[in-house]
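One structure below.
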Amino acid sequence: MSETLPLSILNNRRMEKWVRFQPDRTVKLAVGKVEIGQAVLIALTQIAAEELDIAIDRFAVISGDTADAPDEGSTSSSQSIEMSGRSVRLITAELRARIVDRLARRLNCSPSDIDVLDGAFLLDDEPTGHDYWNFAGDEDFAADIAGTAKPKDPADYKIVGKPVPRRDLAAKISGAGFIHDIVRPDMLHARILRQPSREAVLTAFDEAAVRRAARGDFRIVRVANFVAFVGDDETVVQRAAVAAPAHAKWDKVRKLTPAHQEAAWYLTQPSDDRFVGDSVPDAIAGEVVSETYSRPFVAHAAMAPSCGLAEYRDGRLQVWSHTQGVYPLRNSLADILGLTREQVTVRHAHGAGCYGHNGADDAAVDASVIAMQIPDRCIRVQWRREEEFGYEPVGTAHMTRIKAVLDAAGKPIDWTCEVWAGSHVQRPVYGGNMLTHEALPSPPPAPKPNDPPEAAGGGGTRNGIPLYDFPAKRIIHHLAMTTPVRTSSLRGLGALPNVFALECFVDELAEKAGMDPVTWRLAHLSDPRARRLIESVAERSGWASRGTGGNGKGLGIAWSRYKNKAAYAAVAVEIEVDREVHVRRAWIAADAGLVINPDGATNQLEGGLVHAISMTLKEQVKLDGAGITSLDWDSYPILRFSEIPEISTELVHAPNEPTLGMGECTFGPTAAAIGNAVKHALGVRIRDMPLTRERIAAAILRG
Amino acid sequence: MSIELTVNGRAVSVSVAADTPLLDVLRNHLDLKGSRYGCGLEQCGSCMVVIDGKADYSCVREISAVAGKRIETVESLASHPLHQAFLDEQAGQCGYCLSGILMSAKALLDRNNSPTRADMVTALDSNLCRCGAHPRIIRAIERAAAALREGARANDLREGARS
């Protein structure tokens with residue numbers, strides 16, 4: 001039985017790690033997933049409140065804390081509700097069953113005779129005098145979780161499926177609520193002079209010049225090629241950090257050119273080649289059609305530059321971070337600083353949404369390195385905007401070439417998706433390096449290329465296999481041995497560039513076959529859940545009357561099932577193109593199985609759509625000289641209020657289907673729907689993202 | 001040097017260098033953490049406050065330039081309809097951009113409690129949001145505007161009854 005249990009339970013078997021009833025008639029729920037703006041904590045609380053039949057207001061949630069909460073790895077890949085939610089459901093159902101069974105034996109009745117009303121036990125609708133708080137005992141919490149209790153029937157749900165408001169928002173619009181707002185006793189502010197690239201060596205540093213520019217007192221902490229400015233006055237250390245790069249000389253700095261910023265650069269690079277799917281046939285008769293699509297390097301571009309706090313007192317290091325994985329960060333810190341894991345505690349504190357691995361972990365390492373040099377003080381490191389854009393890991397550039405062999409009727413009988421990309425995940429657990437570690441006296445070796453395994457949805461291969469009814473499908477994945485700058489997880493990994501390629505190519509095949517793109521899709525797709533969504537957005541967007549296009553107005557459609565196993569989404573977009581592409585209206589249909597909180601789910605679907613419009617139309621990290629040169633919001637623009645379409649969202653009600661992770665499911669379809677709408681509007685196809693004014697002009701000239 | 005200004009209706013005096021950014025003064029000297037550091041370049045709007053009735057960036061603005069002025073920050077909105085409207089609409093995801101957005105919206109609603117969608121978009125175009133919560137944010141401002149109009153109407157009725 002246990003092999004079917006979620007990893008979250010297998011790694012944290014003791015009940016007491018997850019739930020405790022507190023003396024004040026509240027419940028402590030401890031989870032390993034963290035809040036990164038997705039409202040996952042309220043959804044997990046709804047699940048626990050439902051299974052225990054305790055009012056939701058009685059719950060206090062502890063999340064992401066190596067001292068007080070279970071280890072659930074990283075908060076990523078749309079797994080929070082799919083895996084952690086399933087765990088919380090099994091755990092709380094089991095806790096309820098354990099306690100109710102014991103009470104039934106005491107009262108000489110059947111467990112099914114006992115009802116629970118806000119934590120109090122009733123027998124035949126009469127109070128028993130017992131409740132969770134006075135009847136639960138240590139034995140209920142000390143035992144391992146078996147995971148065999150039967151959760152409630154979804155038909156009986158009273159809290160799950162309801163749009164319960166989240167609790168963290170009030171603090172965030174009242175003045176506090178973020179890691180950046182934490183004030184500790186004896187806190188010192190710190191800023192960093194960044195090593196421009198791995199292996200760069202600081203050969204000269206004009207400290208006096210920096211002190212003149214800073215106009216105030218501060219300390220300089222230097223450990224090999226790591227330099228920090230630390231003091232009581234944040235304004236002063238900020239001035240020091242702004243001035244410092246001009247007064248530092250570095251040797252062995254990496255040299256990049258703009259050629260490095262294009263996905264095509266990977267075509268020329270050595271790679272670790274991997275193969276997924278059906279074997280290549282010796283020979284296959286039919287017409288071969290192939291096109292190539294790309295996405296450049298993209299930034300997380302969180303609204304808040306990263307922040308980390310650390311205190312080293314009495315041989316123990318305490319760290320606050322907006323990391324997506326407190327346990328992996330704790331382990332990295334222990335390894336880098338030569339401490340035992342028991343000496344290090346990492347607690348999650350809220351940061352700005354970044355949808356992946358940004359500078360959060362690195363800022364925590366920065367603060368910890370300084371804290372080890374200045375013990376007994378809390379060190380608060382705040383990255384600067386140019387530091388976040390310049391040094392966070394970015395999403396890798398990614399090129400996808402699709403080759404289909406068509407039979408006489410135009411149906412694909414063989415399908416190859418060939419991918420060139422750098423590592424999509426370089427979290428330290430995947431062999432990546434912490435930025436600061438590379439500046440310390442014993443830097444780690446260059447990271448080896450790595451990507452999540454297929455069982456976890458793959459990285460560069462994510463969504464590379466189409467779910468259409470084609471007889472033979474495969475991926476050839478050229479995972480580059482090196483990347484020009486550090487790359488790591490960004491929303492959906494390879495899903496967005498691969499779905500962009502796949503669903504644009506499908507439109508191209510439909511056109512070649514002289515078929516309507518929606519008709520073509522439905523003709524090659526038997527999954528009823530997918531078909532229903534495509535039909536929904538087609539109908540709602542007025543697809544049937546979209547016309548032949550070419551007049552500057554376009555309507556495009558695309559869909560995918562995220563990771564080919566999580567939530568389904570179909571998206572239609574209506575655009576206008578003058579010199580630029582404007583998305584005016586968008587229609588979403590999604591099927592995520594049992595939805596815990598429909599309002600939170602809608603927020604994710606629509607947020608993913610907006611994020612994808614931004615990425616598809618505007619975003620590209622620029623490289624030159626020592627590294628990234630797009631260091632502000634002018635050189636890395638994102639979608640603004642004036643560019644947001646009207647959005648209509650339909651969420652399929654499927655309470656008896658398992659919950660499917662949905663934070664990333666609209667991301668790829670939106671990009672492809674825009675690509676298809678641009679073709680409809682202009683009559684020309686643009687296959688390289690972002691779809692900028694320059695690319696549109698060039699495509700029109702090309703005809 | 002000592003600089004005097006009014007923050008959220010309270011007269012305050014701060015002793016800092018004349019070129020200290022207003023944002024640093026609010027966060028570190030007055031313990032008002034609601035105005036946020038996003039870029040320090042007047043590009044993202046996370047630091048937006050209202051200065052003498054007008055929404056403005058606080059991250060670069062030197063404190064000496066706002067001496068004697070009236071500053072409003074998000075901390076002053078606890079009982080403003082905007083606060084409840086943002087909660088009612090769950091208008092946000094990570095929430096980092098929201099305090100700046102609330103202040104842009106506050107300045108808008110102070111001068112126009114019946115803004116069109118175009119008015120709102122214009123007022124908010126200096127504020128970036130990365131999570132894509134824009135449609136909800138617009139709905140929340142519409143809701144707050146309706147509450148303000150309702151409040152004004154009730155006030156007029158009361159005034160009318162009295163006269």
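The table that follows gives values for the structure above.
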| quantity | calculated |
| --- | --- |
| So residue A:334, is it under 17 Å from residue A:185 (Cα atoms) and in a helix (DSSP H, G or I) | no |
| Conditions (1) closer than 18 Å to residue A:194 by Cβ; (2) open to solvent by 10 Å² or more (accessible area, probe 1.4 Å); (3) hydrophobic (A, V, I, L, M, F, W, C); number of the one not met by residue A:394 | (2) |
| Positions within segment A:169-186 being open to solvent by 30 Å² or more (accessible area, probe 1.4 Å), in contact with a Leu (Cβ under 9 Å, 6 or more places away or on another chain) and within 10 Å of chain B (Cβ to nearest Cβ), in sequence order | A:170, A:174, A:177, A:182 |
| Any hit, segment A:3-12, residues being touching a Pro at 6+ places or on another chain (Cβ under 8 Å), away from chain B (no Cβ under 14 Å), open to solvent by 20 Å² or more (accessible area, probe 1.4 Å) and of a type outside the set (Lys, Arg) | yes |
| Which numbered condition residue B:87 fails, given (1) more than 8 Å from chain A (Cβ to nearest Cβ); (2) not in a loop (DSSP other than H, G, I, E, B) | (1) |
| Segment A:241-294: number of residues that are of a type in the set (S, T, N, Q) and touching a Lys or Arg at 6+ places or on another chain (Cβ under 6 Å) | 3 |
| Members of segment A:42-66 found to be open to solvent by 30 Å² or more (accessible area, probe 1.4 Å) and touching an Asp or Glu at 6+ places or on another chain (Cβ under 8 Å), listed by number | A:55, A:58, A:62 |
| Number of the exception - residue B:92 against (1) away from every other protein chain (no Cβ under 11 Å); (2) of a type in the set (Gly, Ala, Ser); (3) in a loop (DSSP other than H, G, I, E, B) | (1) |
| Test for residue B:66: is it in contact (Cβ under 8 Å) with a residue 12 or more places away in the chain, under 10 Å from the mean Cα position of the chain (by Cα) and open to solvent by less than 10 Å² (accessible area, probe 1.4 Å) | no |
| Number of the exception - residue B:100 against (1) in contact (Cβ under 8 Å) with a residue 12 or more places away in the chain; (2) of a type in the set (Gly, Ala, Ser); (3) more than 10 Å from chain A (Cβ to nearest Cβ) | (3) |
| The one condition in (1) open to solvent by less than 40 Å² (accessible area, probe 1.4 Å); (2) of a type in the set (Gly, Ala, Ser); (3) closer than 25 Å to residue A:448 by Cβ; (4) more than 14 Å from chain B (Cβ to nearest Cβ) that residue A:277 fails to fulfil | (1) |
| Test: residue in segment B:44-57 that is within 7 Å of another protein chain (Cβ to nearest Cβ) and touching a helix residue (DSSP H, G or I) at 6+ places or on another chain (Cβ under 9 Å) | yes |
| Test: residue in segment B:23-33 that is open to solvent by 50 Å² or more (accessible area, probe 1.4 Å), within 11 Å of another protein chain (Cβ to nearest Cβ), out of contact with any strand residue (DSSP E or B) (no Cβ under 8 Å at 6 or more places or on another chain) and charged (D, E, K, R) | yes |
| Residue check for residue A:681: touching a Gly at 6+ places or on another chain (Cβ under 7 Å), crowded, with 24+ Cβ neighbours inside 10 Å, more than 14 Å from chain B (Cβ to nearest Cβ) and among the aliphatic types (A, V, I, L, M) | no |
| Single residue of segment A:100-125 satisfying the filter (open to solvent by less than 30 Å² (accessible area, probe 1.4 Å) and touching a residue at least 40 places away in the same chain (Cβ under 8 Å)) that is farthest from the chain's Cα centre (by Cα) | A:116 |
| Residues of segment B:120-138 satisfying the condition of being surrounded by fewer than 16 Cβ atoms within 10 Å (Cβ to Cβ) and part of a helix (DSSP H, G or I) | B:122 |
| Filter result for residue A:67 (among the small types (Gly, Ala, Ser) and assigned to a helix (DSSP H, G or I)) | no |
| Answer from A:69, A:97 - the residue that is over 28 Å from residue A:608 (Cα atoms), crowded, with 24+ Cβ neighbours inside 10 Å, in contact (Cβ under 8 Å) with a residue 24 or more places away in the chain and hydrophobic (A, V, I, L, M, F, W, C) | A:69 |
| Cβ-Cβ under 6 Å pairs, at least 6 apart or on other chains, segment A:348-372 side at pLDDT 95 or above and assigned to a loop (DSSP other than H, G, I, E, B), far side open to solvent by 10 Å² or more (accessible area, probe 1.4 Å) and hydrophobic (A, V, I, L, M, F, W, C) | A:349/A:320 |
| So residue B:148, is it of a type outside the set (D, E, K, R), surrounded by fewer than 22 Cβ atoms within 10 Å (Cβ to Cβ), in contact with a Pro (Cβ under 6 Å, 6 or more places away or on another chain) and not in a strand (DSSP E or B) | yes |
| Tabulated pairs, segment A:501-513, first within 12 Å of residue A:406 (Cα to Cα), second in a helix (DSSP H, G or I), C-beta under 6 angstrom, 6+ apart or interchain | A:510/A:517; A:510/A:520 |
| Residues that are away from chain B (no Cβ under 14 Å) and over 22 Å from residue A:496 (Cβ atoms), drawn from segment A:594-633 | A:594, A:595, A:596, A:624, A:625, A:626, A:627, A:629 |
| Scope segment A:592-617; condition over 16 Å from residue A:355 (Cβ atoms) and charged (D, E, K, R); matching residues | A:599 |
| Residues located in segment B:1-38, provided they are outside any strand (DSSP E or B) and more than 20 Å from residue A:214 (Cβ to Cβ) | B:8, B:9, B:26, B:30, B:31, B:32, B:33, B:34, B:35, B:36, B:38 |
| Filtered residue count, segment B:69-81, keeping only those that are within 21 Å of residue A:235 (Cβ to Cβ), within 12 Å of chain A (Cβ to nearest Cβ) and open to solvent by 10 Å² or more (accessible area, probe 1.4 Å) | 1 |
| Conditions (1) touching a Pro at 6+ places or on another chain (Cβ under 8 Å); (2) not in a loop (DSSP other than H, G, I, E, B): number failed by residue A:468 | (2) |
| Neighbours by Cβ (under 6 Å, 6+ apart or cross-chain): first from segment A:37-52, farther than 13 Å from residue A:84 by Cα and within 14 Å of chain B (Cβ to nearest Cβ); second open to solvent by 10 Å² or more (accessible area, probe 1.4 Å) and not in a helix (DSSP H, G or I) | A:38/A:663; A:39/A:166 |
| Positions within segment A:636-657 being in contact with a helix residue (DSSP H, G or I) (Cβ under 8 Å, 6 or more places away or on another chain) and free of Cβ contacts under 8 Å to residues at least 24 places away in the same chain, in sequence order | A:641, A:642 |
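The values are calculated or read from the model by the stated rules, or taken from the named source; none is laboratory data. Predicted model only: the values in this text are computed from it and were never measured. In this analysis, Cβ positions are derived from the backbone assuming ideal geometry, glycine residues included, and neighbour counts consider all displayed protein chains. The accessibility values were calculated without ligands, DNA or RNA, using every heavy atom of the protein model including side chains. Shrake-Rupley method; radii C 1.70, N 1.55, O 1.52, S 1.80 Å.
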